Amino acid sequence: MSLQFLPLVVTFAKAWWPKGAIKEVERDSDTTEKLRNEQVSALKAEVSGLVHNADKHVAKFFSDDLGWWHLQKELSPRSNHRYFVDRSGCRTIEKALRLVLGKLGVVLANYGYASKSRFQWL
């Protein structure tokens, strides 16, 4: 599943990051108007960088095998029936997805679109 799922996450992130950036730039027009042309270009370049390196970001945040325990031939002590009882495997995958998509928030915060303190945990 991870071999099928991760490419889908990469595809989704590549589409979501630019759309999210455009939405935020349009929503917070006051901040956008304060940016110089060079800053707007740099913002676009950083978002493009996210897109270009999407597979690396996804691999980084989805590297924890806990979310994929059910695919392992030999289960580790960390991976057990808890997945079905408390959905910890689902939370692991959800957290990784939030971290991947949250990379955009860090970029936007660098240009004044959001409070940097909201993204310090990334």
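Just so you know, all these numbers are worked out from the coordinates, no wet-lab data involved. None of these values were measured; they are calculated from a predicted model. A quick note on method: Cβ atoms are made from the backbone with ideal geometry, for glycine too, and the neighbour counts reach across all protein chains shown.
Structural remarks
- Here the spin labels are modelled as points 7 Å beyond Cα on the Cα-Cβ line, and at residue 4 and residue 110 they lie 3.6 nm apart.
- At most 11 other Cβ within 10 Å, DSSP loop - trypsin sites (Lys or Arg not before Pro), region 10-42: 36
- Residue pairs, from the table 34/103; 14/34; 19/44, whose Cα atoms sit over 18 Å apart: 34/103; 14/34
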